[in-house]
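Everything on this sheet refers to the single structure shown next.
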Amino acid sequence: MPVELSNKCACFIPLCPLVASCSTGSLSFFLPKATRSLRRLCAASNTFSLITAMLVSLVLFRQQAATHSIQQYLWARIPRGDVCLKIGFLIDPLTLTTSILVTTVGVSVMVYSDSYMCHDQGYARFYAYLSLFAASMLGLVFSPNLIQIYVFWELVGMCSYLLIGFWFARSSAANACQKAFVTNRIGDFGLLLGVSGVYWITGSFEIFELCDRFIELNSNGFINPIFANTVALLLFLGPVAKSAQFPLHVWLPDAMEGPTPISALIHAATMVAAGIFFIARIFNLISILPPTMYTISWVGGVTTLSGAMLAVAQKDLKRGLAYSTMSQLGYMVPASGIGASQSALFHLITHAYSKALPFLGSGSVIHSMEKVVGYSPTRSQNMFFMGGLRKRMPITGTTSLLGTPSLCGIPPLSCFWSKDQIITESWLHSPYLGLTASTTAGLTAFYTSRIYLLTFEGNFRANQMNYIGFDNLFPSENIITPWGGAQPESLATRTSSSVAPIKDMERNRVAETRNPARPPGGKPICEKAIQINSEPNLLYPQESNFCMALPLIILSIPTIFAGLAGVDPTQKVTGLDLLFDWLISLPSFAEANKNFENLTEILMSSTPSLSLSPTGLLISFKVYGQTNKLVNMKVFEESKLKNKNLLNTFLFSTRDWSINRGYIDYYYNIYFTRGLISISELVLHFDQWIIDGFINGTGASNLFGGESLRRGKSGRISHYLLGFVIGIILSVSIILSVSSFPIPPLP
């Protein structure tokens, strides 16, 4: 018998992780010693609470799919006059689908974090933050009105601040969480103004009620079109910051300073997904405003292309994936702007699983690399230190090999189906938008496969890097240029007599045996000494343990099959899923053959957009397919100077533009940060010299007058009599002098 639950049980979905977070946080605050001894129990309780929420979501989704009902449960909280603020929860397909996404990815991240954070002193605190993050996102998903959405919206931002800056002792992490917090405050202020404007127009905060009333008032001409579009764009400003859309995307790459499980959760199912969810929730309101829809579509289009171009030459593994998230979110926003909100939500789901898989895989790689190259992010996250890891980390490498073609848009993996729908809709709506989406698809295949090839293929390069010396490596890569082009040369000019120190003593010992001191008067050790990679005392990354490998295996399943759930094999709107149809038609060869023919027809119609992804893959493999040869940057720079043709100039300009983040942070620092600092200094001086000066001057004059009066009041009668006599004499003298002047007669 299948389990049946009342829809009122939906309140337990955000409540379970919230209770677990409060319990763990309270225990850590009041009983820190007991928490350290019960840390694994705290982690288990938080994980079990989110598993409970996931099971409830799955059961309610099954019931809702059978009934197709939309239910809303509200309780009046502030009934006073005409204002009645209600709290409650809303159950519809969008809510339950997003809830399943958040809980499934959240459970995978929690299981993964048990091993990734096991040596961290803030282990229990980390799980308390994780549960609060999941509870905030689930509360936002189930909110039926804008006020409740805004409250949980701010809670999501607060949790991201805590988790990005989890290692706050590092200045980079502290700066990153502050940057994310301040950038999101810009969008949140716009969202607050938009919520106020919607209430001014409709007189309601309830989602369905205000959308219907807004449509009715707009159709009857009672709303000023300029004011209506302004309010809608202010509402959209919140998702621009939360989902890292241009130009408020600058916080997303710096958010990689947090632990890698948090990066996976933020980029897959929580913070960035909140903006796309909010656009889908108010889609009925913004869909009747063409200027707003046009703006949304092109903001997303610019974000899509710029994110892909910023990712093509990144050295940091997590930062490359971060810009990939920015680009893929850009696909979802223009899809909503052209009216294809279902395709945007479809891509949100397929991308979430496909992106959580490489992010957790990158965490597995970084966790293993730290034992070899040290605990500096500039070393453990640098892809040029990696290579050949698929042989030494087979589970991580194989699962990443599944996630990479999915993000590239290769059928039959998940992201292909959703991305193809968006590209098709973009071409039908605007050729320029379609060209942007198609070009981005080719760039996505290039940089995604580049990340995989540099990380998992070729030979392991960290030992060679340590031999060369870390200081000589940056800012120019000695192993391979950002565009590839392996150019072998002797390392005589690059060899150092000592190796950059590694933190653990064993690595130092290995480095010393690997790089002996130069004999007096001898020549530098040549390339042949570096190619001895079979020595038993060399360190290599090893596969992560079961707790980190299991989520990778589980997430690979929806990465392969989730996209099939949104494809209609009959080319009609029947509501049947391709995967389900295949499972039902397995006993019947005729039905299976028919569905296969329909699938072939779908793929044939997708040939134009599909051709770009293999092109990007081939270019990436041509450039980065052989990463085991060393590159001499002097030869590279000379060839750069000699071959100044248009293509090379464009490639190097694009590389520099990508490495420097498009110079956007630079101009923000000049025009916004420094401008605000200058204005703040002017305000400070005005406050110190004008406001404080007036107040301090008034106080000083009163003090001086009081002191003068106090000195004059000595208490001696003789002094008072002397002053009285002097006053009388002066008064009489003045009267006599005045009376001595003749008074002119009156006319």
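Worth a mention:
- When SER438, SER449, SER426 are screened for being small (Gly, Ala, Ser) and either part of a loop (DSSP other than H, G, I, E, B) or over 27 Å from LEU651 (Cα atoms) (or both), only SER426 passes.
- Flag if ARG450 is among the basic types (Lys, Arg), at pLDDT below 90 and within 20 Å of SER380 (Cα to Cα): no
- The stretch 109-135, subset more than 16 Å from LEU41 (Cα to Cα) and open to solvent by 10 Å² or more (accessible area, probe 1.4 Å), residue modelled with the lowest pLDDT: TYR116
- Residue count for the stretch 22-52, restricted to those that are open to solvent by less than 50 Å² (accessible area, probe 1.4 Å) and within 18 Å of TYR112 (Cα to Cα): 7
- Among residues of the stretch 136-158, those that are open to solvent by less than 10 Å² (accessible area, probe 1.4 Å) and either assigned to a helix (DSSP H, G or I) or aliphatic (A, V, I, L, M) (or both), counted: 11
- Every condition in (1) of a type outside the set (D, E, K, R); (2) open to solvent by less than 30 Å² (accessible area, probe 1.4 Å); (3) part of a helix (DSSP H, G or I) is met by PHE189 except one, and the failing one is (2).
- Residue within the stretch 673-690 that is part of a helix (DSSP H, G or I) and within 28 Å of LYS315 (Cβ to Cβ) present: yes
- Of all residues in the stretch 159-176, those being open to solvent by 10 Å² or more (accessible area, probe 1.4 Å), of a type in the set (A, V, I, L, M, F, W, C) and part of a helix (DSSP H, G or I) number 2.
- For the stretch 337-367, residues that are open to solvent by 10 Å² or more (accessible area, probe 1.4 Å) and among the β-branched types (Val, Ile, Thr) total 2.
The values are calculated or read from the model by the stated rules, or taken from the named source; none is laboratory data. On a predicted model such as this, the values are computed, not experimentally measured, just so you know. Glycine gets a Cβ as well: all are built from the backbone with ideal geometry, and neighbour counts include every protein chain shown. In case anyone asks, the SASA skips ligands and DNA or RNA and just uses the protein heavy atoms, side chains included. Shrake-Rupley method; radii C 1.70, N 1.55, O 1.52, S 1.80 Å.
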